[in-house]
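Down below is the structure, laid out as structure tokens.
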Amino acid sequence: ILLTAIASFLPFYISLLSLAIISVYIFVNNARRKASTGGIANIIAYAFIALSAFTAFVYDNWLGIWVSLWLFCALTLLNFSAAVVDKDFFIKILRTITSMSIMVSFGAYADKLINGLEDPVYRTQGYCMNANYLAEILFLSVLAAAYLQITKSAKPFYCYAVAFIDCIAIYFTGSMFAWVSVFIGLSLLLILTRHHVLMSMMFMVTASAIL
């Protein structure tokens with residue numbers, strides 16, 4: 001599971017290939033397969049993914065094949081995680097994600113510094129080859145840092161530092177949708193953890209910034 005968290009920060013195609021290898025290993029390992037494929041709903045879901053991949057292959061639809069592979073990885077890893085991950089291990093995963101994001105953000109800073117000198121409106125991509133993909137990776141790290149802070153699972157300075165560093169990198173990507181994702185994600189997190197005062201403050205700050 002920790003390898004899965006680390007693989008998520010690799011360039012998209014390398015990340016997908018890494019996740020596919022991990023998913024296949026889980027799927028072919030008998031003990032792990034039972035944890036990730038149990039239940040009639042999962043059997044139907046895997047059958048649908050297999051049918052989608054076969055149909056895409058017949059019609060030479062490579063995008064459909066990639067999507068089917070991504071769905072297979074997501075279903076396998078989510079089911080396996082739900083079966084084996086406890087709260088302490090979940091916190092360890094979030095700490096791994098936030099630590100990795102710091103290196104990714106500094107890579108984005110370097111990319112912006114090098115390429116932004118010639119093109120002031122350059123959208124940093126880091127090593128992800130796509131600015132929006134980089135922004136969404138960092139968005140997940142911001143949510144992870146917020147969860148660690150809200151649940152007091154890490155030192156406040158660390159959580160705020162990670163969020164600050166990642167938000168600057170997101171700004172350099174020029175991705176507007178990432179900010180929408182951050183707002184919606186933080187709102188849902190605060191609602192689910194019943195931090196209504198913080199949620200109200202965030203709404204007021206956001207409204208003030210927009211106006």
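The values are calculated or read from the model by the stated rules, or taken from the named source; none is laboratory data. Since we're looking at a predicted model, the values are computed, not measured. Positions of Cβ are generated from backbone atoms using ideal geometry, with glycine treated the same way; all protein chains shown enter the neighbour counts. Calculation scope for accessible area: heavy atoms of the full protein, side chains included, ligands and nucleic acids excluded. Shrake-Rupley method; radii C 1.70, N 1.55, O 1.52, S 1.80 Å.
Taking 7 Å steps out from each Cα toward its Cβ at LYS155 and VAL28 produces label points 4.4 nm apart. If you sort CYS167, CYS128 by accessible surface, 1.4 Å probe, largest first, the order is CYS167, CYS128. Accessible surface for ILE150 stands near 40 Å², nearest 10, in the context of the full protein assembly shown (1.4 Å probe). With q set to 0.15, 0.20 Å⁻¹, the log10 of I(q)/I(0) for region 38-137, from the Debye formula over equal scatterers at the Cα positions, is -0.87, -0.99.
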